[in-house]
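Below is one structure; the comments refer to it alone.
The values are calculated or read from the model by the stated rules, or taken from the named source; none is laboratory data. Predicted, not measured: the structure shown is a model, and the values here were computed from it. Cβ placement follows ideal geometry from the backbone for every residue including glycine, while neighbour counts extend to all protein chains displayed. Areas reflect the complete protein model, heavy atoms only, side chains present, ligands, DNA and RNA absent. Shrake-Rupley method; radii C 1.70, N 1.55, O 1.52, S 1.80 Å.
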Amino acid sequence: MNKFIAFLENNLSTPMAKLSEQKHLRAIRDGVVSALPFIIFGSLFLIIAFPPVAADSAVGEWAAKHIAEILIPYRLTMFIMTLYITFGIGYSLSQSYKLDPLSGGLLSLAAFLFTIGVEVMDGVGFVLPMTNLGGHGLFVGMIVSIFSVEILRLCKTKNITIKMPDSVPTSVARSFEALIPVTFVLIVMTIITVVFGVDLHSLIDKAVAPLVKAGDTLPGVLVPVFLITFFWSFGIHGVSVVGAVARPVWEVYLANNSAAVAAGQAIPHIAPETFFQWFIWIGGSGATLGLVIAMLLTAKSSYSKAMGKATIVPSIFNINEPVIFGMPIVLNPVLIIPFIITPLIGATLAYIATTVGLVNPTYVMVPWTLPAPIGAYLSTGGDWRAVILVLINITISVLVYLPFFKMYDQKLLEQEKLEETSDNKVAI
């Protein structure tokens with residue numbers, strides 16, 4: 001068993017952990033995370049615009065009457081999330097290269113805006129269509145951000161910059177230093193978008209369509225669930241590893257779902273990140289709230305009893321590092337099994353329930369530290385059935401963890417008895 005664990009750690013988990021820290025993937029991850037406050041803020045206005053009450057109630061009628069005004073904060077935050085994410089990616093990647101992060105962020109943002117064709121509207125003038133500023137344009141935003149910063153780095157490395165005297169203020173010197181790469185990048189983007197009329201968004205849509213489609217299937221849900229818990233089993237932050245690759249797709253799903261709701265259309269996607277957060281990771285990765293409840297109900301060893309009491313509050317708010325490293329689950333051959341199996345069962349049940357229409361798909365991003373029933377209720381726009389699904393998954397997680405925990409707890413109890421006996425002998 002130890003040899004097998006060592007083999008997996010050396011040949012899979014360690015390389016994947018290094019991959020998650022690759023500069024470009026880390027910049028994408030940081031860029032997405034930096035936009036989360038805006039995404040959460042905008043999501044909340046979807047709940048206000050479509051309140052979970054009867055349409056003919058006073059609140060429902062008020063929301064319907066003022067829906068255009070209510071959705072303005074949403075349209076200026078979550079609906080154009082790629083603007084914020086693109087800046088964040090450029091900033092983070094520039095920082096990792098020890099370049100001026102502000103120049104990298106602004107150049108990335110400008111390059112992305114150059115991919116969107118300006119239109120003329122009668123009576124208004126020049127307008128910038130907003131559709132590609134949101135989740136629909138995320139993949140293009142990622143590509144042009146990386147391209148822009150790499151050009152910035154190349155010019156810096158090859159000294160293709162404008163040098164200013166030392167007496168010039170640093171902020172001014174950095175602006176002139178970025179002038180050549182800015183000019184080059186924006187000319188390239190102008191040639192692509194304006195001269196040749198290439199729609200990068202359509203091209204990228206076609207290229208990533210198989211990936212987007214696959215991620216919204218049941219296997220597309222189960223694979224990241226398995227990988228996240230697998231990496232956690234070795235003490236590696238599974239969400240950081242898998243999320244570095246999968247989160248852009250999840251964000252596209254969430255943006256498309258919210259846009260569909262705002263437009264009064266059917267919600268298209270099952271599996272944005274909010275689906276994983278509220279129906280699968282109940283209590284944290286591995287759905288460990290079930291384990292904590294099992295500890296509180298059945299623990300016999302003093303260690304397990306203490307762990308149950310100490311971890312129940314953090315687990316309710318989806319913080320489970322104390323459980324993962326405290327029990328521990330990491331490299332624990334007994335608890336690793338339910339740690340992986342439980343979320344796979346919960347994911348399958350939640351996917352089927354959402355697919356057949358028993359529960360609304362999620363489309364609202366709410367703070368991940370909310371208790372799961374509340375988070376599920378809000379993320380589905382106030383669907384009470386989501387609360388029932390969460391409670392069912394919590395019950396299943398307790399039942400799956402229970403026999404494995406009892407085996408492990410019995411070992412802990414035997415060890416405590418041996419230590420107590422040993423201490424008594426020493427005292428005598």
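Points worth noting:
- From the list Phe176, Phe147, the lone residue that is of a type in the set (Phe, Trp, Tyr) and under 30 Å from Pro272 (Cα atoms) is Phe147.
- Looking across the stretch 10-47, the residues that are modelled with pLDDT under 70 and surrounded by fewer than 18 Cβ atoms within 10 Å (Cβ to Cβ) come down to Asn10, Asn11, Leu12, Thr14, Pro15, Lys18, Leu19.
- For the stretch 398-411, the count of residues that are surrounded by fewer than 16 Cβ atoms within 10 Å (Cβ to Cβ) and modelled with pLDDT of 95 or more is at least one.
- Checked against the criterion of being in contact with a helix residue (DSSP H, G or I) (Cβ under 7 Å, 6 or more places away or on another chain) and at pLDDT below 90, the stretch 344-358 contains not a single residue that satisfies it.
- Pairs where the first residue, in the stretch 300-320, is farther than 17 Å from Gly286 by Cβ and the second is outside any helix (DSSP H, G or I) and open to solvent by 10 Å² or more (accessible area, probe 1.4 Å), C-beta under 7 Å, 6+ apart: Lys305/Ala299
- Residue satisfying all of: in the stretch 282-337; open to solvent by 20 Å² or more (accessible area, probe 1.4 Å) and in a loop (DSSP other than H, G, I, E, B); nearest to Pro361 (Cα to Cα) among these: Phe317
- Qualifying residue in the stretch 160-175 (condition: closer than 29 Å to Val252 by Cβ, out of contact with any Gly (no Cβ under 9 Å at 6 or more places or on another chain) and modelled with pLDDT of 85 or more): no
- Just so you know, in the stretch 54-82 the residues that are surrounded by 14 or more Cβ atoms within 10 Å (Cβ to Cβ) and either basic (Lys, Arg) or in contact (Cβ under 8 Å) with a residue 40 or more places away in the chain (or both) include one that is farthest from Arg247 (Cα to Cα), and it is Leu71.
- Among the residues making up the stretch 192-219, those that are of a type in the set (Val, Ile, Thr), surrounded by 12 or more Cβ atoms within 10 Å (Cβ to Cβ) and part of a helix (DSSP H, G or I) are Ile192, Thr193, Val194, Ile204, Val208, Val212.
- Residue pairs meeting the criteria (Cβ under 9 Å; at least 6 apart or on separate chains; first among the small types (Gly, Ala, Ser), in the stretch 187-213; second open to solvent by less than 50 Å² (accessible area, probe 1.4 Å)): Gly197/Gly117; Ala207/Phe139
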